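Let me give you the structure first, and then I'll get to my questions.
Bear in mind these aren't lab numbers, they're just calculated from the coordinates by the rules spelled out. In this text, all values refer to a predicted model and were calculated from it rather than measured experimentally. Ideal geometry is used to build each Cβ from the backbone, glycine not excepted, and the neighbour counts take in all protein chains shown.
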There are 2 protein chains.
Amino acid sequence: MRRFASLAVIAAVLSAGAAAAQDAEAIRTAEQLRDRAMQGSGAYAVVEEITTRFGPRLAGTEAEQRAAAWGEAYLRREGFQNVRQETFPLAVWTRGIDRAEIVGDHAQPLSVVALGGSGATAEGGVEAEAVIFETYQQMLDAPEGALRGKIAVVLQETVRMQDGSGYGVTSTIRGQGPEEAARRGAVGFLLRSLGTHDHRFAHTGATRWLDEPIPSFALSPPDAEQLARIAALSNRPLRLRLHSGAGRVLEGRSQNVIAEVRGREAPEEVIVIGAHMDSWDLGTGAIDDAAGIAIVTRAARLIADLPERPRRTIRVVWFGAEEVSQPGGTGLAGGRDYVTRHRETFDRHVAASESDFGARPIYSLALPAGFSDQTFLAAARRVLTPIGVNVSPAPNQGGGPDIIPMATAGVPTFRLNQDGSDYFDTHHTVDDVIDRIEPEDLDQNVAAWAAVLWLMADSEVSLRPAS
Amino acid sequence: MRRFASLAVIAAVLSAGAAAAQDAEAIRTAEQLRDRAMQGSGAYAVVEEITTRFGPRLAGTEAEQRAAAWGEAYLRREGFQNVRQETFPLAVWTRGIDRAEIVGDHAQPLSVVALGGSGATAEGGVEAEAVIFETYQQMLDAPEGALRGKIAVVLQETVRMQDGSGYGVTSTIRGQGPEEAARRGAVGFLLRSLGTHDHRFAHTGATRWLDEPIPSFALSPPDAEQLARIAALSNRPLRLRLHSGAGRVLEGRSQNVIAEVRGREAPEEVIVIGAHMDSWDLGTGAIDDAAGIAIVTRAARLIADLPERPRRTIRVVWFGAEEVSQPGGTGLAGGRDYVTRHRETFDRHVAASESDFGARPIYSLALPAGFSDQTFLAAARRVLTPIGVNVSPAPNQGGGPDIIPMATAGVPTFRLNQDGSDYFDTHHTVDDVIDRIEPEDLDQNVAAWAAVLWLMADSEVSLRPAS
């Protein structure tokens, strides 16, 4: 026993020595990638290019298609491999006029935007009494028919949180609220914007795509408070007039744009990194999500520039149609299309993640529950700590919206968590423009992505649960 | 000689002693007024009342008239004397649709607002090539006819300055630019908003009222930069499409609302303190100028609450129609009407001033050039220094916009200068709502106004040049 034990120890030490040398080399490369990105990643220029050339890129519109076509050419020019578009059918919503006003004694216009997927009013608009709810639960507590012929108004506020979980709480109001209001007889629906700002612009986003949608709007936060103040002035019910010229077309299309840094040794082992090209129609989709496109693409490009490609393939996916709801209550059409086309290769999908939470610095790397590869963890800590990124003690909760269909199909996910404290000041509003972005913040994002990608792609690390 | 000299000295000393006692009493009262205001002036509640009840109060509209009627009743309720409305005719401009978009390769909407007084487009809008000028001077340097059939775009930026003088430089572009562009053949005019913010809302304001106005707009600051970026993408001229449904009516009316704290000893000696009730139609006119209304009214009310009224009369004027231009190139219709009606009493108008520069703290009291009443100056310093207000070493440059016609007619002016560093982040935009105001800042304003008013009204101080 003793001799065998000794031999085993020697073998382990020898192996550890070789592994340690390899690890040191991987860390050195990851550090170089990180430092190059921090010195200027080029990500800001990509955001500028996309937002300037194409402006808003509402899913299914010509602007989104033109951006995708440009993207395909750009990715080829940048030297990526296997560059292609994968198109898919899409139901398309378009905004028309969207206006709301208080009528009567305190007549005044309100700053609103129609919700994505919501319905139009008749030509002259709809005028009705408002029923105001401080919280969504209060509206849900109203019985069927209680809102017959009325306009439901939900004033619940979205709480500012670093990880964006305040939005997680209230996004149900936008998604389900119009349907629940309609079920109770409402002829219109307004909610306080799911935003944390106090400026006079409202926050759009998708509501569930209904067969017979009611006109539905978000109020700017100051207008939500104004409405509450005006309602408090008088005992008489407040009356609102709504106009929406929203349109809906069932037969459109969108597309994912795909490019690869092909793996050196195990090209069939794929790490998917994504972001989405479509945006809401109000801003130019700078933080949501040209920033994500720029971050993951520049990170992959830094790796492609190395003298040696990584062991595994890095696949960059610019998803289409992330933002919009679809008939039948689905969404994430690009993420779903990716699953349909690539499901058979998912056993060789090492991991997937998306950058879709704005343009502020990353503060942590989150890995799947149970992940315990100490070599990887030690390397990640060593490379990321100097740029303000922790390895999160909490397990990863998901890889990003477009990754959800893949994760559901069994692909492991990780996340580089960005500071979202001010994300909902801008997200889904007219104010989502490049002016909101600091180039240095994007550089830090690219640095973290490039370093983590290298450590994952040039190794045999597994993110799957131990079987 | 010696005896007479001695007697004169004795008389002077006796008189100085009595005066000193009187001064000390005046200072004590001014300090009490100041401290009461700092503990809670009630000004914020007045701003809330006006902005909530009436929303935007565009000059000549029913909203402005309703606000004035409410104001008259409010001022009576508050115990002011001689409360009345003085109405005057007004040409009224109204906004309709106002939209601009880039057409062609980089098609996208622009965030714009039509300028007050500007003209409508034909039904389907106007589409034309844009000619972009970095500065206004560049446009002025273009010869007659050089812009024939084109849309002139001036991208000059407004500089952020504490005293607002950056706006003084660029406001000419808005006032004269459309006329100068039209003279050179332009069919439309756009300027970068005269705002210092970088959010996606544009800044309106009056342009000169022309007989045949061209459609004219302000671009939000991010849109001005976007336009410059897009123009730089291609050698082909940029084309724009503009829509404006602006309307103009010659026969409307507006009104000044007047109230007094009647003087105890010399009621015919009048100190006019003003602000304006009208606002632009985009926001609810909180900082411009419900704040001013609240500040001067609460200051006068604090004085009215004293056991003894001041020697002189304090006249509060809520001016109408400050914002808009009028046919013939005039403006300040409320200020002009005041002069027409009251000119004959101007020899007994001690001074006039307006609060119309937002809701931030006051940093200095400015008095007319040559003012040298050391007793007043010493008292003012003593009372104002503790709340962060200097007596300005520079002479006063004017009493506020509505005071200009009075000043031109010879009434002396003074000014309590407010910090305007962020005034043009909000001024004339949708964002001019109560959310921009800190109640404590208003309290400091009321404190300074009440103290200065008392020192002026309960004395014989003269602001006129020594004759």
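What value, in deg cm²/dmol to 500, does the helix sum -39500 (n - 2.57) over DSSP H runs of n ≥ 4 give at 222 nm once divided by the residues of the protein assembly as shown?
-11000 deg cm²/dmol
Suppose R0 equals 60 Å. What FRET efficiency, 1/(1 + (r/R0)^6) with r the Cβ-Cβ distance, do B:GLU440 and B:LEU250 give to the nearest 0.05?
That pair, B:GLU440 with B:LEU250, gives E of 0.85.
Let me ask you something else. Measuring label to label, 7 Å along Cα→Cβ, what does B:GLU212 give against each other copy in nm, shortest first?
Going from nearest to farthest copy, the values are 5.4 nm.
Continuing with this model, one more query. Of A:GLY331, A:GLN226, A:VAL270, which is farthest towards the positive pole of chain A's charge dipole, taken about the Cα centre with +1 and -1 on the beta-carbons of Lys, Arg and Asp, Glu respectively?
Of the candidates, A:VAL270 comes out farthest on the positive side.
Can you give the Rg/Rh ratio of region A:359-427, where Rg is from the C-alpha atoms and Rh is the Kirkwood radius?
1.01
Explain nothing, just compute: Karplus ³J(HN,Hα) = 6.51 cos²θ - 1.76 cosθ + 1.60, θ = phi - 60°, for every residue of region B:367-378 in order, whole Hz, x for Gly and Pro.
Result, ordered by residue: 10, x, 3, x, 5, 9, 6, 5, 5, 4, 4, 5 Hz.
A further question follows. Ignore the peptide's own chain and count Cβ atoms of other chains within 10 Å of each Cβ in B:48-57; give me the average, rounded.
Rounded to a whole number, the mean comes out at 4.
Using a label position 7 Å from Cα in the Cα→Cβ direction, what is the ascending list of nm distances from B:ASN235 to the same site in the other copies?
Output for B:ASN235: 7.5 nm, nearest copy listed first.
For region A:395-401, just list the computed ³J(HN,Hα) in residue order, Karplus coefficients 6.51, -1.76 and 1.60, θ = phi - 60°, integers in Hz, with x standing in for Gly and Pro.
x, 4, 9, x, x, x, x
Report, in whole Å, the centroid distance computed from the Cα atoms of region B:63-135 and region A:286-340.
Centre-to-centre (Cα) distance: 44 Å.
Then there is this: Over region B:59-101, with a single point scatterer placed on each C-alpha, what log10 of the ratio I(q)/I(0) does the Debye formula yield at q = 0.18, 0.20 1/Å?
After summing over all Cα pairs, the log10 values are -0.65, -0.73.
What fraction, in whole percent, of alpha-carbon pairs in region B:255-311 exceed 19 Å separation?
39
Based on the Cα gyration tensor of region B:96-245, what are the three equivalent ellipsoid semi-axes, each the root of five times an eigenvalue, rounded to whole Å and given largest first?
20, 18, 16
How about region B:19-127: which GluC sites (Glu not before Pro) there are in a DSSP loop, with at most 15 other Cβ atoms within 10 Å of their Cβ?
Loop-located and lightly packed - B:GLU123.
Taking the alpha carbon gyration tensor of the protein assembly as shown, what are the square roots of 5 times its eigenvalues, largest first, to the nearest whole Å?
60, 32, 27
How high is the relative contact order of chain A, given as a whole-number percent (alpha carbon pairs under 8 Å, six or more residues apart)?
After rounding, I find 22 percent.
A:ALA246's amide H: which non-local residues (gap 5+, or another chain) put their own amide H closer than 5 Å, with H modeled 1.01 Å from N in plane and none for Pro or chain starts?
A:GLY96, A:ALA120, A:THR121
Under 12 Å from a label point 7 Å along Cα→Cβ of B:ALA266: give me every residue in region B:272-314 with its amide N that close.
Answer for this model: B:311-313.
Kindly provide the pair-distance distribution of chain B built from C-alpha pairs, with 10 Å bins from 0 and whole-percent values in order of increasing distance.
Computed distribution, short to long bins: 4, 20, 28, 22, 14, 7, 3, 1, 0, 0.
Using the Karplus curve 6.51 cos²θ - 1.76 cosθ + 1.60 with θ = phi - 60°, what ³J(HN,Hα) values do you get for each residue of region B:37-42, in whole Hz, with x for Gly and Pro?
Calculated HN-Hα couplings, in order: 4, 5, 7, x, 8, x Hz.
On to the next question. In nm, to one decimal, how far is the B:ALA228 label point from the A:VAL169 one, both placed 7 Å along Cα→Cβ?
Result for the modelled spin labels: 4.2 nm.
Any idea what the B:ALA24 label distances to the other copies are, label 7 Å down the Cα→Cβ vector, nm, shortest first?
8.5
By how many degrees, 0 to 90 and rounded to 10, does the Cα axis of helix B:62-77 deviate from the longest principal axis of chain B?
On a 0 to 90 degree scale, this one is about 10.
Further question on the same structure: Identify the GluC sites (Glu not before Pro) of region A:246-321 meeting these criteria: DSSP loop state and at most 14 other C-beta atoms within 10 Å of the C-beta.
A:GLU265, A:GLU308
Can I ask one more? Below 8 Å, C-alpha to C-alpha, sequence gap of six or more: please give me the relative contact order for region A:358-451 in percent.
46
Please list, short to long, the whole-number percent of alpha-carbon pairs of region B:193-341 in consecutive 5 angstrom bins beginning at zero.
Spelled out bin by bin, region B:193-341 gives 2, 8, 12, 15, 14, 12, 10, 8, 6, 5, 3, 2, 1, 1, 0 percent.
While we're here: Give me, ordered by chain and number, the residues 5 or more places off A:GLY274 or on other chains with an amide H under 5 Å from its own placed amide H.
A:VAL317, A:SER353, A:GLU354, A:SER355
Go from 0 up to the bin containing the longest alpha carbon distance in region B:145-215, width 10 Å each, and give me the % of pairs per bin.
21, 48, 26, 6
Next question, about the same structure. Take the eigenvalues of the Cα gyration tensor for region B:287-404, scale each by 5, and report the square roots as semi-axes in whole Å, largest first.
They are 26, 17, 17 Å, listed largest first.
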